[in-house]
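**Student:** Quick one: this structure, given as C-alpha cells, is what I'll be asking you about.
The values are calculated or read from the model by the stated rules, or taken from the named source; none is laboratory data. Predicted, not measured: the structure shown is a model, and the values here were computed from it. Note: ideal-geometry Cβ built from the backbone for every residue, glycine included; neighbour counts use all protein chains shown.
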Amino acid sequence: QHPRKPGSFIEVEDIGLEAIATSGDYQQYFLQEGQRYHHILDPKTGWPSKPTISTTIWARTAIDADIIATAVFVLGEEKGINLVESLPDVEALIFTETMKDYRVKSTTGLQGRFRFVQ
C-alpha cells in the first residue's frame, strides 16, 4: 500500500524472495497540532524517526525482512540503501517525506521492477 495515498498500491515483479515486511508511519500513529507521531522511535533521540515514512523489505525469511525493515526505517534512505545493498538476498523500497511530497528509492535489484496501481 502507498503510505500517503490510500487505495493506491505498489505492484512488484517476482524477484525470487519468499518473505516481505513493511515498517511505516501510517498505521500506528496520532496527529497533534498537525504533527504525526508514530511508533518507530529513533534510539538516538527517543522521538519518532524521520523523514522515512515507509520501508518494504524482501528477504529469504520473514524475521529477516521484519528486522531489516525497522532498522532501515530508522537509518534513513542513504544508510538504509547502503545496508541492504551489502546484504545477500535482500531488496528494499524506501519512501521518504520531502517538504512538498515524498520520494521513492529502491535497491538495485528492484529498479524498474515496480509500479504504482490504483
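**Student:** Where residues in segment 5-23 are surrounded by 15 or more Cβ atoms within 10 Å (Cβ to Cβ) and touching a residue at least 60 places away in the same chain (Cβ under 8 Å), which of them is nearest to the chain's Cα centre (by Cα)?
**Tutor:** Per the stated criteria, the residue is Ile10.
**Student:** Could you run through segment 1-33 and say how many residues are of a type in the set (Gly, Ala, Ser), more than 17 Å from Leu75 (Cβ to Cβ) and at pLDDT 85 or above?
**Tutor:** Residues in segment 1-33 being of a type in the set (Gly, Ala, Ser), more than 17 Å from Leu75 (Cβ to Cβ) and at pLDDT 85 or above: 2 in total.
**Student:** Being closer than 20 Å to Ile40 by Cα and touching a residue at least 24 places away in the same chain (Cβ under 8 Å) narrows it down to one residue among Glu91, Glu77; which is it? Don't jump to the end; show me each part of the working.
**Tutor:** Working: Glu91 fails: closer than 20 Å to Ile40 by Cα.
Testing whether each residue is closer than 20 Å to Ile40 by Cα and touching a residue at least 24 places away in the same chain (Cβ under 8 Å) leaves just Glu77.
**Student:** Of Ile53, Ile57, which residue is of a type in the set (A, V, I, L, M), touching a Gly at 6+ places or on another chain (Cβ under 9 Å) and either farther than 20 Å from Val90 by Cβ or at pLDDT 90 or above (or both)?
**Tutor:** Numbers: Ile57 fails: touching a Gly at 6+ places or on another chain (Cβ under 9 Å).
Answer to the check: Ile53.
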